[in-house]
Amino acid sequence: MKTRVLVLCLLSIAMVCAAPWFGKSLDGESGRFILENLRIPRVLMAVLVGGTMSLVGACYQTIFANPLAAPSTVGTTAGATLGALVAVVLGPVIGLSQAGGLPLTATFAFTGALLVSFAVAAIAARGNTRVNDILLAGIAISLAAGAISAGLQFSADQLQLYAAIQWTLGHLPQVGYRGVVMILPFVLVCWVVLLSQTRGLQTLLGGEERAHSQGLNVPWLRSVVLGVGALGVGACVAWCGPIAFIGLIVPHIVRLGVGASRRVMLPMSLVVGAGFLATCDTLSRLVIPGRELPVGVVTSAIGAPLLVWLVIKQRR
Amino acid sequence: MSSSLQMIGVSVHAREKALLNDVSLRLNEGEFVALLGPNGAGKTTLLRAALGLTKAGGRVLLDDQPVKSLSGADRAAKVAWLPQHSHIAEPITVLEQITAARFRFSESHRDAETGALRALESADAAQFKDRRITELSGGEQQRVAVAGLIAQESPLLLLDEPANHLDPNQQIELYRLIGRLWREGRGVLCITHDVNMLRYVGSDAPIRVIGLSNGRLQFECEYASTELPSHVGALFNVGMEVLDSAGGRLLMPAAHGSTDAERTQA
């Protein structure tokens, strides 16, 4: 297993390091500018976002004891989408493009993600709440947020609709180092807190009630993971849109590769998620020469068949 | 100070139905209490109430402190629980599982692993340490589950039908292991359907047998008591035959026409 961990780590690090060099040649001053100010911060963004989404996905799958759980399951991405659409549609109406010096879309998306996730985390913090109730609450809130989002899209004009669709497909915007610096504190807090809960999450594998009898405060762990996960995912989604599949599929790849022990699986999800998104983003730049696909399209295109293959392989 | 679990007038209701009705019992460190009862009697509910897993009226005290007022680590330091179904779907190794069972300790991973290995050796399960829990047979899984209890190092053990679904040989092995934990000084509260299994616990110290039906305590006596067969017969509503064997007394359900209703008819 140690060899597999090493190989996956080296592969992910190699993909991250190589990603900025793929694409048009980087000759001269303009090439250097593109490398330093566009591609490197974009890869850094991919590392932060991919690592966070995958780590949070792995933690959610543990607390819900459900292999289909992901940041989208508990309404985080639906809340962010609603917030972003409110900003896209209502921003011009109220004459705002920024909030506190930040882009209005990112600010509203972050707020939306947190509001929805904290509502679900508050439900999860109740001692007598069953795990399926939390999942149902997350799905119900996601559906409600999706309905309002659809209503907003219906009432939007063409330009707003294009902006909304572009945002919901997920992309790693060329926001330079500013975007990286903006999400870094949230992402770091998310990584540190979630990885510090590894022991509890490992104990939770034996079932909620058994873990309770072994001394774990299950409602507290659930709400910490949901709350802190929402903080990290909310920050990522606010800047990059809801990038599909990554929080679902990377934990499965890692589990198959290095086993289900959370001591290995959680940090490895972070590392592999970073490498996976950096790879997908590079492909999104290269697949159609001269045009960029939204990275969410690439993660879905790779993720969906990979997930089907993994499920079939697991059954065998 | 030796540990004790005390339940005083405990009641549990689900909607209108009383799952437990004014139940009082005490388990001290070093004692063995067997809890008998038909399906749906409230036996599992009683253990869940003892752990604070279900909302219950009355008082549940661990070392004279309300169980609800204890932190998770403090509660786990006093009492460990083996649920009826302890299934782990994730393919982690046995050593990883038992290491995780030591959650209550503030210790390094290396120390936790050392403690887990000690527990596995104590349960004669060290040979499974690198195998995935999902690859073990039912008997091996239960042995590993008992190693998890040992790893928790709690003086009181609550066991919910630990030998369920095991073949006779595995049942005997498991009860011998539980008996060893008792003789080492732990207090054991063990739910069982088969009172005869208690002969394999193997100690001269008295075993208390408690009968529970319809959420109420029906009887309490010693395992060696001559009244036990009639109590057990009334509890399960079946006539009991007592057979003397080399290993001790055996209680067997009578073959024909022996329920209360049938006896009344006769």
Exercise for review: Work out the FRET efficiency for A:Ala144 and A:Ala65 from their Cβ-Cβ distance, taking R0 = 30 Å, and round it to the nearest 0.05.
Suggested key: 0.75
Exercise for review: Pop out the ³J(HN,Hα) list for region A:225-232 in order, Karplus 6.51 cos²θ - 1.76 cosθ + 1.60 with θ = phi - 60°, rounded to Hz; leave Gly and Pro as x.
Suggested key: 5, 5, x, 5, x, 5, 4, x
Study note, to complete from the structure: Of every hundred units of 1.4 Å-probe accessible area on region B:45-106, the number belonging to carbon and sulfur atoms, as a percent, is 48 percent
Exercise for review: Enter the angle in degrees (range 0 to 90, nearest 10) between the Cα long axis of helix B:109-122 and the first principal axis of the Cα atoms of chain B, meaning the one along which they spread out most.
Suggested key: 40 degrees
Practice item. List the residues of region A:227-266 whose backbone N lies under 20 Å from a point placed 7 Å from the Cα of A:Gln166 along the Cα-to-Cβ direction. Key: A:236-244
Point to revise | Interface size A-B, as summed buried accessible area [1.4 Å probe, Å², nearest 100] | key: 2100 Å²
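Taking all protein chains as present, what is the carbon and sulfur share of the accessible area of chain A, in % to the nearest whole number, probe 1.4 Å?
So the carbon and sulfur contribution to the accessible surface is 69 percent.
Just to confirm, what accessible area per residue do you get for chain A at 1.4 Å probe, in whole Å²?
Each residue of chain A exposes 43 Å² on average to a 1.4 Å probe.
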Study note, to complete from the structure: Across B:Leu70, B:Leu47, B:Leu149, the residue with the highest GNM fluctuation in chain B (Cα network, 10 Å cutoff) is B:Leu70
Check your understanding: Can you work out ³J(HN,Hα) from phi for every residue in region A:183-191, in order, using Karplus 6.51 cos²θ - 1.76 cosθ + 1.60 and θ = phi - 60°, giving whole Hz and x for Gly and Pro?
Key -> 8, 3, x, 5, 5, 5, 4, 4, 4
Review point. If r is the Cβ-Cβ distance from B:Glu107 to A:Leu195 and R0 is 22 Å, what FRET efficiency results, to the nearest 0.05?
Key: 0.75
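Counting only DSSP beta bridges with both residues in the protein assembly as shown, tell me the antiparallel percent, nearest 5.
60 percent
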Review point. Do you know which residues of region A:237-275 lose at least 20 square angstrom of accessible area in the protein assembly compared with their chain on its own, with a 1.4 angstrom probe?
Key: A:Arg255, A:Ala260, A:Ser261, A:Arg263
Check your understanding: At a 1.4 Å probe, which residues in region A:195-216 are at least 20 Å² less accessible with all protein chains present than in their chain isolated?
Key -> A:Arg199, A:Gln202, A:Thr203, A:Leu205, A:Gly206, A:Glu209, A:Arg210, A:His212, A:Ser213, A:Gln214, A:Gly215, A:Leu216
Study note, to complete from the structure: Shape descriptor, chain A: equivalent ellipsoid semi-axes (Cα gyration tensor, sqrt 5λ, whole Å, largest first) stand at 30, 26, 17
Exercise for review: Report, in deg cm²/dmol and to the nearest 500, the calculated mean residue ellipticity at 222 nm for the protein assembly as shown, where each DSSP H run with n ≥ 4 adds -39500 (n - 2.57) and the sum is divided by the residue count.
Suggested key: -18000 deg cm²/dmol
**Study point:** Backbone HN-Hα couplings from phi across region A:52-63 [Karplus 6.51/-1.76/1.60, Hz, Gly and Pro as x]
**Key:** 5, 4, 6, 4, 5, x, 4, 5, 5, 4, 6, 6
Exercise for review: Could you give the spread of the C-alpha atoms of region B:4-225 along their three principal axes, from largest to smallest, in whole angstroms?
Suggested key: 46, 38, 33
Review point. Computed FRET efficiency, Cβ-Cβ of A:Ser155 and A:Arg126, R0 41 Å: what is it to the nearest 0.05?
Key: 0.65
Exercise for review: Return the single residue from A:Met182, A:Met15, A:Met53 with maximal mean-square fluctuation; model: Gaussian network over chain A, springs between Cα atoms under 10 Å.
Suggested key: A:Met182
Check your understanding: Where is the GNM fluctuation largest for chain A (alpha-carbon springs, 10 angstrom cutoff): A:Ala238, A:Ala304, A:Ala106?
Key -> A:Ala304
Revision key, fill the gap. Pseudo-spin-label distance B:Ala205 to A:Val308, built 7 Å along Cα→Cβ, given in nm, is 6.2 nm
Check your understanding: With charges only on Cβ, +1 for K and R and -1 for D and E, what is the dipole size of chain B about its Cα centre, in debye, rounded to 20?
Key -> 600 debye
**Study point:** Accessible area in square angstrom per residue, region B:49-194, 1.4 angstrom probe
**Key:** 41 Å²
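The values are calculated or read from the model by the stated rules, or taken from the named source; none is laboratory data. Please read all numbers here as calculations on a predicted model, not as lab measurements. All Cβ positions, glycine included, derive from the backbone under ideal geometry; neighbour counts span all protein chains shown. Surface accessibility is based on the protein's heavy atoms, side chains included, excluding ligands, DNA and RNA. Shrake-Rupley method; radii C 1.70, N 1.55, O 1.52, S 1.80 Å.
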